[in-house]
Amino acid sequence: MNKFTKTAFATTIGASLLLTSVAPLVKAEQLMPSISDWAIETLNEGEKYGIFPLEWYYDDFQTAISQERLNTLLQLTEEKIASLELEKNEQFKPAIVKGNNTRGDIVNRLYNIAAQYNIGSGKDPVTYMQQRNVLRGSGAGLMLEEKATTQQAVIFAIRLIQDVYEQANAGAKGVAWVVADEDTTVYLLGSIHLGVPDLYPMHKKLTNAFNESQGLFVEANIVDPEGMEYYMEKAIYEEGKSIKDDISEEAYAKLKEVAELLEMPIEELETMKPWLITNNFSSLAMDGAFGLTVEEMAMHGIDMQFLLNAYLQQKPIYELEGVNAQVDMFDGLSKEAQEESLVGVLDSILEPVEQTDEDIALLSEWFMNWKVGDVDKFAKSLTDIEGDESEYNKMLFGKRDENMANSIVEVLKNEPGKFFVVVGAGHFLVDKNIRYHLEQAGYSVTPFYE
């Protein structure tokens, strides 16, 4: 759905940037992806780059790559590296390409993408790619004459992009700070909960800080199945009650109209609390933006990326709030506030306006400010959308920020080592935010990139 009102757009973006999405990941039975265990962590990183569709995992991923797939992979890899606008190497001489799709030939083609820039080439492709840790062998050697599988080609491309960005000192910086005492360092990263491929890869300094940390702190572990069970318990009415008990006749009439428009059974919607329907329907406003579904944008979210990396690295995950607490916040909104939000979203569906270039430009600017680490401009964007004194906005901040800051203080006092915190960016930038409360507790909070 590519149509929405201005109000729905701002509401959706505000919630996405400022509060972890607690919508349950309800999935139908799926085929298992055909991925080698050793490749999972690299693929998890690389799938955010936008250089290959995830559908490849389920169809011949471990067999010889087709010419069509290879062309797609090489084109998107070249575009990803070209976006850095690096200085060209005037002495560059491309390696010979035979077009036989062997591992060696794909190495040559990827080398030609990177070596045309001044980033330390000058060696033969195999030597260069080995030294840059893009090409790695096994007990059977480099196997350069063997046909490359889709997985192998994708892995080569991911490693090459990571290496080029690192050599260029490039990558998304995010809005980040550091707070420390004698024996504890805590890295603070403000997250965007919906993202796009342009936010990846992240700057090496940021990922190194995460890799060196002993644990990850998040608002809520949104991939914990126990939290999702609680979500459904609270979001669905008990038997004998329905949404008609909590909203006006006028609001219910609009809900019925939307159900008919979207071809959804009204009986199903009647079992859901207003805040659940609001959360689910508001995401429709983002569907199709940047050529991504809202589910894909959520998977590109910054906190989701660090959560998945923590799982893959078997790094402990700690919650500053928890899914249960966030669900309780929504469920604790007054009936009036829940109906107001619901009606706003229903109106945006019943009376849509075309998504404008201005809307996309606004969101692109937010992403860019986060990417380059411009805290002041990013903060202004958040202030512009956060603004009013609604019950919803009061719920988002205030006491929550003080509580999360107190939890971080406890880590500083009692847990020696390094820790990484990822919470919605607004919690570091609104009035009397987490940084403010840490400073009130006597700690100095400094920019991460100083």
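The values are calculated or read from the model by the stated rules, or taken from the named source; none is laboratory data. The shown structure was predicted, so the numbers you read here are calculated from the model rather than taken from an experiment. Quick reminder, even Gly has a Cβ in these numbers, built from the backbone with ideal geometry, and neighbours come from all protein chains shown. Protein only, heavy atoms only, side chains kept; ligands, DNA and RNA dropped before computing areas. Shrake-Rupley method; radii C 1.70, N 1.55, O 1.52, S 1.80 Å.
Okay, here's what the table says:
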| quantity | calculated |
| --- | --- |
| Test: Leu262 is over 30 Å from Asn309 (Cα atoms), open to solvent by 40 Å² or more (accessible area, probe 1.4 Å) and in contact (Cβ under 8 Å) with a residue 60 or more places away in the chain | yes |
| Residue in region 274-282 that is within 24 Å of Phe448 (Cβ to Cβ), out of contact with any strand residue (DSSP E or B) (no Cβ under 7 Å at 6 or more places or on another chain) and surrounded by 18 or more Cβ atoms within 10 Å (Cβ to Cβ) present | no |
| Scope region 207-241; condition surrounded by 15 or more Cβ atoms within 10 Å (Cβ to Cβ), of a type outside the set (A, V, I, L, M) and modelled with pLDDT of 95 or more; matching residues | Thr207, Phe210, Ser213, Gly215, Phe217 |
| Residue within region 116-123 that is open to solvent by 10 Å² or more (accessible area, probe 1.4 Å), touching a helix residue (DSSP H, G or I) at 6+ places or on another chain (Cβ under 9 Å) and assigned to a helix (DSSP H, G or I) present | no |
| From Met297, Met304, residue being assigned to a helix (DSSP H, G or I), under 30 Å from Glu410 (Cα atoms) and either open to solvent by less than 40 Å² (accessible area, probe 1.4 Å) or not aliphatic (A, V, I, L, M) (or both) | Met304 |
| Glu267 of a type outside the set (A, V, I, L, M, F, W, C) and over 28 Å from Ala379 (Cα atoms) | yes |
| Residue satisfying all of: in region 136-164; of a type in the set (D, E, K, R) and not in a loop (DSSP other than H, G, I, E, B); most open to solvent (accessible area, probe 1.4 Å) among these | Lys147 |
| Verdict on Asn133 being assigned to a loop (DSSP other than H, G, I, E, B), in contact (Cβ under 8 Å) with a residue 12 or more places away in the chain and farther than 30 Å from Met286 by Cβ | yes |
| Unmet criterion (only one of (1) open to solvent by 40 Å² or more (accessible area, probe 1.4 Å); (2) in a helix (DSSP H, G or I); (3) farther than 20 Å from Ser191 by Cα) for Gln314 | (2) |
| Pairs where the first residue, in region 318-347, is closer than 16 Å to Gly424 by Cα and modelled with pLDDT under 90 and the second is assigned to a loop (DSSP other than H, G, I, E, B) and not β-branched (Val, Ile, Thr), C-beta under 6 Å, 6+ apart | Glu321/Glu219; Glu321/Ala220; Gly322/Ala220; Val323/Ala220; Gln326/Ala220 |
| Out of Ala220, Ala209, Ala153, Ala168, sole residue that is under 17 Å from Ile51 (Cα atoms) and small (Gly, Ala, Ser) | Ala153 |
| Subset of region 171-206 (residues that are of a type in the set (Ser, Thr, Tyr) and either modelled with pLDDT under 95 or in a strand (DSSP E or B) (or both)) | Thr184, Thr185, Tyr187, Ser191 |
